[in-house]
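The next block holds one structure in the form of structure tokens; read it before the comments.
What follows draws every value from the coordinates through simple rules; no lab data is involved. What you are looking at is a predicted structure, and each value in this text was computed from that prediction instead of being measured. When we count neighbours, we look across all protein chains shown, and the Cβ atoms used for this are built from the backbone with ideal geometry, even at glycine.
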Ligand code: 13P
């Protein structure tokens, strides 16, 4: 049985003082003990320490949105995986479409990041998804299949089990127009099928999340969808009340 995972991706939002207030508020809205879902907040680098401290003594976890896959050295402005580990990050988002789009991240770079994260014991949340034009051309599965194979090619079967996959159709991100729960279930199934051979058939433990305009209003359908093990939440995660409501939807699956 896979434990649901609900991840907040704050993107470039929240100063450190704002993050501190958020943590206090979220802790007040969720039960003291973990009931079912694992809950992770991925703030900007500048608020990771604040969120770590704000969640101290609770089951809530902190993660990161990115890192640079070299161990250390002359990479001005970058942050290494060891730096994230030292801040108790247990997850890191990799290959988000905004990084592919605005920062020119290639499948090669993403594959490298996935490998480095796994080697350091931080779980990568690998984002995959199609554009609207790819979807209209019937290329959704082909595009996602290619993204999976290129970004995961450096991993051995046992390492693949440690990766979380987030299906985030690009047309659903920040648009208010989510995919349907049926779409999400179909893609979760496809993702497991695509990785079945590479993982020697051990795809049961691997978690697949849905992301893209998730809100408290539509989350119940995703929480019920077959093979969908949680959500990667952008805009709605900035409001502790909305994020707590999304987490609670997975308590009853
Ligand atoms: P929204 O929830 O704002 O659509 O963002 C989704 C996302 O990109 C999460 O990584």
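Ratio of alpha-carbon Rg to the 2.2 N^0.38 Å globular estimate for the chain, to two decimals, please. Please report the intermediate quantities before stating the final value.
Numbers: Rg = 16.9 Å, N = 253, 2.2 N^0.38 = 18.0 Å.
The value comes to 0.94.
Computed over the range 1-96, relative contact order equals 27 percent, with contacts defined as Cα pairs under 8 Å that lie 6+ residues apart. The eigenvalues of the Cα gyration tensor, multiplied by 5 and square-rooted, give the range 30-85 an equivalent ellipsoid with semi-axes of 28, 10, 8 Å from largest to smallest. Here's the picture: a label point sits 7 Å out from the Cα of residue 46 along the beta-carbon direction, and within the range 53-89 the residues with their amide nitrogen under 15 Å of it are 77-78. Computed from label points 7 Å out along Cα-Cβ, the spacing between residue 106 and residue 202 is 3.2 nm.
The range 123-153 and the range 209-245 have Cα centres spaced 20 Å apart. Structure remark: mean-square fluctuation, Gaussian network model of the chain, C-alpha springs under 10 Å; the largest value among 77, 28, 57 belongs to 77.
Our estimate of slack between residue 29 and residue 53, defined as 0.36 nm per intervening residue step minus the Cα-Cα distance, is 6.9 nm. Note on the chain: helix-only mean residue ellipticity at 222 nm, from DSSP H runs of 4+ residues weighted -39500 (n - 2.57) and normalised by residue number, equals -11000 deg cm²/dmol.
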